[in-house]
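K.L.:
My questions all concern the structure below.
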Amino acid sequence: KELGLELDTFIFFCSDNGHTGPGSSGVLRGKKGTLWEGGTRVPGIAYWPGKIQASSQSDETILSMDVFPTIAQFSQTTIPQNLIMDGVDFSSVLLGEKQLDERTVFWRFRKFKVARKNQWKYLAEGKNEYLFDLETDFAEQVDVAEQYPEIIKELKAAFAKWEEDVTAGVEIIA
């Protein structure tokens, strides 16, 4: 504010994971180091007076890998055509113009695997597999895998394809 830059500066705050130690995820299951919602669902706060409407909210799933393309868009930086981006530009969400296109997103951490598409979240923890409808159960209390075997099959296949793509040419040392 002292330098008069406030009105021309995009500010974005977020965390990379849920709580640790004595923290709390509220009703959410899990914490940092897990892929339950309590370990991955964190708030993001964006501020840009005159561009982002004050007190606006969105339920869009935004990942940290989406921040770079968004900042590139806001700063009018050209991203080389041959650079393959995993993230997507979410500036349209921040500016209240439109929602993101449908996409499936993936996480893998230690024994956890997740594929998320729309309200559906497939989570594998070792040999245990779960399916949650986050629209009606964001606290992940009711496993609906038995009721929706076709969704489990679709998300497992999408996860396997993603994992194959991201590990192509990489030697995995166990």
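The values are calculated or read from the model by the stated rules, or taken from the named source; none is laboratory data. This is a predicted model, so every value here is computed, not measured. No Cβ is skipped: glycine too gets one built from the backbone with ideal geometry, and neighbour counts run over all protein chains shown. SASA here: full protein model, heavy atoms, side chains in, ligands and nucleic acids out. Shrake-Rupley method; radii C 1.70, N 1.55, O 1.52, S 1.80 Å.
K.L.:
Which of the residues that make up region 129-162 are within 24 Å of Val42 (Cβ to Cβ) and not in a loop (DSSP other than H, G, I, E, B)?
P.N.:
Quick first cut of region 129-162, residues within 24 Å of Val42 (Cβ to Cβ) only: 130-143, 155, 158-159, 162.
Residues satisfying the conditions are Tyr130, Leu131, Phe132, Asp133, Leu155, Ala158, Phe159, Trp162.
K.L.:
Another question about this same structure. Kindly state which helices (runs of 4 or more DSSP H) lie completely within region 30-118 and contain at least 3 residues that are open to solvent by 70 Å² or more (accessible area, probe 1.4 Å).
P.N.:
Values: elements: 37-40, 67-74, 91-94.
It comes to 67-74.
K.L.:
Checking Ile45 against (1) farther than 21 Å from Cys14 by Cα; (2) within 15 Å of the chain's Cα centre (by Cα), which test does it fail?
P.N.:
Every listed condition holds for Ile45 apart from (1).
K.L.:
Out of the residues in region 119-161 that are hydroxyl-bearing (Ser, Thr, Tyr) and surrounded by fewer than 17 Cβ atoms within 10 Å (Cβ to Cβ), state the one that is nearest to Leu28 (Cα to Cα). Walk me through it before giving the result.
P.N.:
Looking only at region 119-161, we keep the residues that are hydroxyl-bearing (Ser, Thr, Tyr), and these are 122, 130, 136, 148.
After this cut, where a residue has to be surrounded by fewer than 17 Cβ atoms within 10 Å (Cβ to Cβ) as well, the list is 136, 148.
Details: Thr136: 13, Tyr148: 22 Å.
Taking the candidates together, the pick is Thr136.
K.L.:
Let me ask something else about it. Consider only pairs whose beta carbons are under 7 Å apart and that are at least six residues apart or on different chains; among these, list those whose first residue lies in region 116-128 and is over 17 Å from Glu163 (Cα atoms) and whose second residue is open to solvent by 10 Å² or more (accessible area, probe 1.4 Å) and of a type in the set (D, E, K, R).
P.N.:
Filtered contacts from region 116-128: Asn118/Glu102; Gln119/Asp133; Gln119/Glu135; Trp120/Asp133.
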